[in-house]
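Values quoted throughout were computed directly from the atomic coordinates according to the rules given, and no laboratory measurement underlies them. In this text, all values refer to a predicted model and were calculated from it rather than measured experimentally. Quick reminder, even Gly has a Cβ in these numbers, built from the backbone with ideal geometry, and neighbours come from all protein chains shown.
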Amino acid sequence: MYHERWEVESAYFAIKKSMLGRRVLRSKTWAGIAQEVYALLALLSAYQVLRIAIADATETTPGTDPDRGSFSVALRCARDQIVQAAGIIADTAIDLVGTIGRAVLDQLMPTRRLRISPRAVKRPLSRYAYKSLKVDRRSYTATLSINILTPTISP
């Protein structure tokens, strides 16, 4: 299940970086905050729709893992469709793959490697000895002598 965790991390990254552009809430009024939260919820819905489109597209090709579908390609294609206002009037036949799906299938990512690694013992947080260890903390007298050497200048 360790490698599946990275799928969740990739989803968070796609939402934060690709869709939000690392923006944060900026409003100072309750109405503005509510508007921004509704906009974020709309973005999350768009994210889910794009992920469904990617999954539907990869299901049409047997043996294709949905993880190979690029979210960035789907997002770019969806933006282009909105800007061009293409496909507003639906035909009688519904194309499940659609333009977004064809773009995703044309630019599949390489197969992902399994993210597995053996368990390792973590290093301690501190390089200093733990209190449970027996450490000699007594004071000792030490003698320190300093010799200052001056360079001799030859004639």
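The residues neighbouring residue 35, those whose beta-carbon lies less than 14 Å from its own, together hold a net charge of +2 under the Lys/Arg +1, Asp/Glu -1 convention. Remark: the range 62-79, residue by residue, has Karplus-estimated 3J(HN,Hα) of x, x, 8, 7, x, 5, 7, x, 7, 5, 4, 5, 5, 5, 4, 5, 5, 4 Hz, where x stands for each Gly or Pro and the curve is 6.51 cos²θ - 1.76 cosθ + 1.60 at θ = phi - 60°.
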